[in-house]
Number of protein chains: 2
Amino acid sequence: MKLNDRGLLVVISGPSGVGKGTVRKALFDMKGHNLTYSVSMTTRQMREGERDGVDYYFVSKEDFQQKIKDGKLLEYAEFVGNYYGTPLDKVNEQLDNGNEVVLEIEVEGAQQVKQKMPDCVMIFIVPPGKEALYERLKSRGTESEEVIQKRINKANREFKKAHLYDYIVVNDEVSNAADRIMAIIRAEHAKTERSIHKYMELIGENED
Amino acid sequence: MKLNDRGLLVVISGPSGVGKGTVRKALFDMKGHNLTYSVSMTTRQMREGERDGVDYYFVSKEDFQQKIKDGKLLEYAEFVGNYYGTPLDKVNEQLDNGNEVVLEIEVEGAQQVKQKMPDCVMIFIVPPGKEALYERLKSRGTESEEVIQKRINKANREFKKAHLYDYIVVNDEVSNAADRIMAIIRAEHAKTERSIHKYMELIGENED
């Protein structure tokens, strides 16, 4: 019996190269959860095989900019001339249905989300050490020294953002990290600030 | 890999008759934890078969009152002319060793603990409904109507203290309640305020 019916907005972020995507995937592979993704909105062209509302919500640049103005995006970013963002109304719909919405996003976007929805659960994934992350960034592809150095500099800036998050989860083993996130989700549902309202109803008291 | 090495002080409380003891037992029966009890201190006579430092720390009334004065008790209460309390130094020793210390105490004692050690984790166990609790209080023994009514009145006063806790856990099924508490303990270790210090060391930054 859960005292908090509303889903949680769970923001998974962390320095570049830490393995956010792998952890998120392991999380969704676990059993007995009601985690959902949020479909992003974009201004880029639809590609063959993609479906509107499934892969992305495809909109015009004008529509996207209007949504920014109206505050209807939870977060957004521009990338190679196209906008990408998370529509607020779709996220709220899922949360109202009691599903947790998991956003796996970059450090910058995570801060936008926190401002728009302060009761979200902010999780910062970190490597077991700096060197481990550097190795991963180096071995990612065949990029030049310059590109690798840029990535390392970016990761170093991002490392310092941990204090802006509610939780710090070490990605020592992907399954451990996913377990920890699941524990955080369960614990957050039991938090007094999220559950006291229904509890008061349960025992027949009115909140004053 | 845990970023917070220090154990947590976990306070389990809730209205009389909610099943705190049963939940605590189920919690200790789970695998892979490092939960410890705290041995209480008392002024009552040692009984046959009891050992000092195992069942209780047995002290004189004068010693106990001195400890109260010196603020060396995490919480204490008087019961039928004897004092019972939790020695602060023993709890801190366990926490420093990285063990979680679980205190299962009455609502009144829980508030004392919160004041002495604000970073404890306060968990309020509640029944799935008021009626369920009344039934349990009624069926506990052969007491008179008056005694039962007193208990119900006490439970009703305690019901209203939920807002003083960090978490509200429903004891719908004992194993569910224990699972939730274990999730809370894992999540609390990952909380930024508890883990940022070691994280900063890990990445070679100094906290300012």
Contacts under 6 angstrom Cβ, first residue in region A:177-202 being among the acidic types (D, E), partner open to solvent by less than 30 Å² (accessible area, probe 1.4 Å), 6 or more apart: A:E188/A:L8; A:E188/A:V121
Being closer than 14 Å to B:K20 by Cα and open to solvent by less than 30 Å² (accessible area, probe 1.4 Å) is the requirement here; does B:E158 meet it? yes
Any residue in region A:30-39 that is in contact (Cβ under 8 Å) with a residue 60 or more places away in the chain and within 14 Å of chain B (Cβ to nearest Cβ)? yes
Could you please let me know if A:I125 is hydrophobic (A, V, I, L, M, F, W, C) and either within 11 Å of chain B (Cβ to nearest Cβ) or under 16 Å from the mean Cα position of the chain (by Cα) (or both)? yes
Conditions (1) at pLDDT 90 or above; (2) more than 24 Å from B:R180 (Cβ to Cβ); (3) within 14 Å of another protein chain (Cβ to nearest Cβ) -> A:Y134 fails only (1)
Across region B:14-32, what is the number of residues that are at negative phi and touching a Leu at 6+ places or on another chain (Cβ under 8 Å)? 5
When you look at B:K25, is it within 13 Å of the chain's Cα centre (by Cα) and free of Cβ contacts under 8 Å to residues at least 12 places away in the same chain, yes or no? yes
Could you tell me which of the residues B:L3, B:L74 is within 18 Å of B:H189 (Cα to Cα) and either free of Cβ contacts under 8 Å to residues at least 12 places away in the same chain or not aromatic (F, W, Y) (or both)? B:L3
Could you check region A:62-90 and list, in sequence order, the residues that are exposed (fewer than 12 other Cβ atoms within 10 Å of the Cβ) and assigned to a helix (DSSP H, G or I)? A:E62, A:K69, A:D89
It is to be established whether one or more residues within region A:17-30 are open to solvent by less than 30 Å² (accessible area, probe 1.4 Å) and either more than 30 Å from A:I152 (Cβ to Cβ) or charged (D, E, K, R) (or both). yes
Failed condition for A:Q112, given (1) in contact with a Leu (Cβ under 9 Å, 6 or more places away or on another chain); (2) more than 30 Å from B:V121 (Cα to Cα); (3) away from chain B (no Cβ under 14 Å): (2)
Against the conditions (1) under 29 Å from A:V147 (Cβ atoms); (2) in a loop (DSSP other than H, G, I, E, B); (3) within 14 Å of chain B (Cβ to nearest Cβ), where does A:L3 fall short? Just the number, please. (1)
Before we move on, is B:E146 modelled with pLDDT under 95, within 13 Å of the chain's Cα centre (by Cα), open to solvent by 70 Å² or more (accessible area, probe 1.4 Å) and not β-branched (V, I, T)? no
Could you tell me which residue of region A:189-205 is farthest from A:L27 (Cα to Cα), considering only residues that are facing another protein chain (nearest Cβ under 7 Å) and modelled with pLDDT of 95 or more? A:T192
Hey, does region B:143-159 have a residue that's closer than 25 Å to B:F28 by Cα, away from every other protein chain (no Cβ under 12 Å) and of a type in the set (A, V, I, L, M)? no
Can you spot a residue in region A:165-185 that is in contact with an Asp or Glu (Cβ under 7 Å, 6 or more places away or on another chain), assigned to a helix (DSSP H, G or I), open to solvent by less than 20 Å² (accessible area, probe 1.4 Å) and at the interface with chain B (Cβ under 7 Å from one of its Cβ atoms)? no
Leading residue by the ranking (farthest from B:V18 (Cα to Cα)) among those in region B:107-143 that are assigned to a loop (DSSP other than H, G, I, E, B) and open to solvent by less than 80 Å² (accessible area, probe 1.4 Å): B:M117
A careful count of residues in region B:96-106 that are outside any loop (DSSP other than H, G, I, E, B) and surrounded by fewer than 19 Cβ atoms within 10 Å (Cβ to Cβ) gives 1
Conditions: (1) within 21 Å of the chain's Cα centre (by Cα); (2) surrounded by 14 or more Cβ atoms within 10 Å (Cβ to Cβ); (3) charged (D, E, K, R); (4) closer than 23 Å to A:M182 by Cα. A:D55 meets all but one. Number of the miss? (4)
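The values are calculated or read from the model by the stated rules, or taken from the named source; none is laboratory data. Keep in mind it's a predicted model, so treat the numbers as computed, not measured. Cβ: placed from backbone, ideal geometry, glycine included. Neighbour counts: every protein chain shown. Protein only, heavy atoms only, side chains kept; ligands, DNA and RNA dropped before computing areas. Shrake-Rupley method; radii C 1.70, N 1.55, O 1.52, S 1.80 Å.
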